[in-house]
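Below is one structure, written out as structure tokens; the observations come after it.
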Amino acid sequence: MKPLALIGTVLAVAAVTAALLLSGSSYAVQVAITALIFVILTASLNLVTGTAGLMTLGHAAFYGVGAYAAALLSTKLGLSFWVTLPLAGLVTAFFGFLVALPTMRLTSIYFAVATLAIGEMIVVAITNWTGFTRGPMGIRGIPSITVFGHEGLTVNLLVVLAATLVSVWAIWRLTHSYYGNGLRALREDDQCAEAMGLNAVRLKIEVFTIACFFAGIAGALFAHTSGYISPESFRFGESILLLTMAVVGGLGSVPGSAIGAIILIVLPELLRGAGNVRMVAVGVVLFLCILFLPKGLFGEVSALAFARNQLRRAGLGWSR
Amino acid sequence: MKSLVRTIVAVALGAALVAPAAAQEIYIGYQAPLTGTQSQYGEVFRNAATMQLEKFNAAGGVGGRKVVIVWEDSKSDPKEAVAIGRKFVDDKRIVGVLGDFASGPSMAVGEVYAKEGMAQLSQTASHPDYTKISKWQFRNITTQAQEGPYNAKWLKDLGVKNVAVLALQNDWGLSAAENFQKSFEQLGGKATTEYFNPGTRDFRSILTKVQRTNPDAVYLAMFYEEGALLLQQAKQLGMKVPFYSTSALYAPKLIELGGDAVDGMKLTTTFDANNPAANVRAFVEDYKKRYGQEPNQFAAQGYDATGIMLEALKRAGPNATRAQVRDALAATKDYPGVTGATTFDPQTREPSKTLAKMEVKGGKFVVMPQQ
């Protein structure tokens, strides 16, 4: 366990230091917060799409469910961030579970289309259920995160950072375990996996629910850090953005997800100087990435080797 | 000789150090969707604002100091809008901000400007809660709270009793429909609202439904993309009912896309490209010459918003703080814009403008005589 804990501590310390250094520029802090929220989202999407091989096109809608759950719980019931954060995760997980029940018997493109439809349905419901969600008006006045009476941008960043580290750690441990191996077996051949005694449908439902839990956590973080949410943040385009992040980073690779999310949030900001062609430039960079590194910037094979190495040194059994 | 060279160098150096200080520029930020699906609006704002800025700087700027607009592209994405907000707040030179375009991004970034204390003047954000965020939010668009009752009275005076409202299901459409319906019902009329989701292309089912209720008039709360399609499909269905609209359908593109199906529609407007007033003529001619097209309502709104901001900078003086710029904006009174004389209510920071009635006739927007 020692080397792993050491790496974790070093990473956490480095991240906190970077966060404090950044706090001089509120712009950089804002971009960092957005990037971290997208790291959670991409890592959770990657668990379903990369590791278990189920392409989902509606992940942003679950992110929206989490954001609306947190926003409604805090503005209508006056609950604090520390209560709404886990509740938003649980509510979204429950939604994910309900959606998973009928759709998990589908595979490949059929599953993708089903999630696309469900994602759109959720967003349309949020937009049209004016009495409950305030529809297209959005929800404003969502209280910001407070830690022992402190609040502000730096507090937001540190809390989001902590949530991201914990979420990514949890997803990393799930991915690199017997459970993760089971998911990969499903991806490669679900009939074969069933023949080996794995309950494919149950595994799929579980992994989808877990991924939705983390999407909900990300949604709550977004709602409380931005103070205002409206349905347009959770549309189909955002789901595609998440998928792009996962593919650029490397499908099935947790570090890849983090890298992909950070690149796709930070790069358009860095390229602001390019004016009207900045999104074209982002497109070119993505194209070159896919062309030369089709497995992603930090592909699954390297991610597995890295994980195996760490776990072996930690004396954990999986790699043997 | 040596000392002469030294003196020259010293003087030159000194001049170099002093010169930029004397000609120091004043900065404002402008955030708009310059790329992405709504870039047609951002482009129009940039055109109009650039015209206004050049005119202002040529006329001497703020006490001889030029104003510079820092442009940032928000793609109409709330998360990018918020990042831009932070960027503008960090930039100590920036004393005021124009934008964003749609209400969602404008409201999201509004939370940032409210917290950090920066005046934000959106040319178009029409969300009813926008100016309620804080004392730092302003807008240069007549809200539906002004237009709705105006149009309700117009229709009532024409003897219309039963109106079908067709509205876009977004924050703007919702407030447009509700404000109209409420005032129309208060005046004793009957109104029913039918919403459709953004991106709708086929209005036949909704129009058939409206036809069955047999209304005296149909009131449209939508933009030209939907408006043109809807009116064409209404014509194909042979609907004879008169159509009325908010100012949002005042766009040359509506006629371009809708053809003769648009003829006969009546609407309110704050801007009329054929207005004979000298400032409107100058604006329209100059805009046509530069960009090769007639300015629409959005161009006029961006042009005036920039003008109002620049006038406020002028009144606040060359060394104004962000707070002083805000106070100067709040004191805007009878600004002679191309969208009519504009006054900000110092308490609610809502603009009031003079409204005019228009009709589409023979493929042209024609202002109707005031009764």
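The values are calculated or read from the model by the stated rules, or taken from the named source; none is laboratory data. Owing to the predicted nature of the structure, the values given are computational and were not obtained by experimental measurement. Virtual Cβ from ideal backbone geometry, glycine too; neighbours counted across all protein chains shown.
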I need the full set of residues from region A:114-151 which are of a type in the set (Val, Ile, Thr), assigned to a helix (DSSP H, G or I) and within 17 Å of A:TYR68 (Cβ to Cβ), in order please.
A:ILE118, A:ILE122, A:VAL123, A:VAL124, A:ILE126, A:THR127, A:THR130, A:THR133
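Is region B:96-110 home to any residue that is surrounded by fewer than 24 Cβ atoms within 10 Å (Cβ to Cβ) and within 14 Å of chain A (Cβ to nearest Cβ)? Quick ask: steps written out before the conclusion?
Going through region B:96-110, the residues surrounded by fewer than 24 Cβ atoms within 10 Å (Cβ to Cβ) turn out to be none.
No, the conditions are met nowhere in region B:96-110.
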Residue check: is B:LEU220 under 20 Å from B:THR142 (Cα atoms) and modelled with pLDDT of 90 or more?
yes
Can you name the residue in region A:33-55 that is surrounded by fewer than 24 Cβ atoms within 10 Å (Cβ to Cβ) and of a type in the set (A, V, I, L, M, F, W, C) and is also farthest from the other protein chains (Cβ to nearest Cβ) among such residues?
A:MET55
Looking at (1) assigned to a helix (DSSP H, G or I); (2) in contact (Cβ under 8 Å) with a residue 60 or more places away in the chain, which is the one condition that is false for B:ALA320?
(1)
So, in region B:62-86, of the ones that are small (Gly, Ala, Ser) and either within 10 Å of chain A (Cβ to nearest Cβ) or within 20 Å of the chain's Cα centre (by Cα) (or both), which residue ends up surrounded by the fewest Cβ atoms within 10 Å (Cβ to Cβ)?
B:SER76
Condition set more than 22 Å from B:ALA58 (Cα to Cα) and polar (S, T, N, Q), scope region B:304-331, selection farthest from the chain's Cα centre (by Cα): answer is B:THR321
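Filter region B:156-168 down to the residues that are buried (at least 23 other Cβ atoms within 10 Å of the Cβ) and either within 14 Å of another protein chain (Cβ to nearest Cβ) or farther than 25 Å from A:ASN128 by Cα (or both) and list them by number.
B:ALA167, B:LEU168
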Looking at this structure, is B:PRO369 out of contact with any His (no Cβ under 9 Å at 6 or more places or on another chain), outside the structural domain of B:GLY64 (by TED's automatic domain parsing) and surrounded by fewer than 14 Cβ atoms within 10 Å (Cβ to Cβ)?
yes
Output for region A:45-102, where each listed residue is more than 18 Å from A:SER144 (Cα to Cα) and of a type in the set (S, T, N, Q)
A:ASN46, A:THR49, A:THR51, A:THR56, A:THR92
Per the filter on region A:253-282, residues under 23 Å from A:GLY50 (Cβ atoms), more than 11 Å from every other protein chain (Cβ to nearest Cβ) and part of a helix (DSSP H, G or I) are A:VAL254, A:PRO255, A:GLY256, A:SER257, A:ALA258, A:ILE259, A:GLY260, A:ALA261, A:ILE262, A:ILE263, A:LEU264, A:LEU267
Looking at (1) in the same structural domain as B:GLY238 (by TED's automatic domain parsing); (2) without any contact (Cβ under 8 Å) to a residue 40 or more places away in the chain; (3) not hydrophobic (A, V, I, L, M, F, W, C), which one does B:GLY264 not meet, given that it meets all the others?
(2)
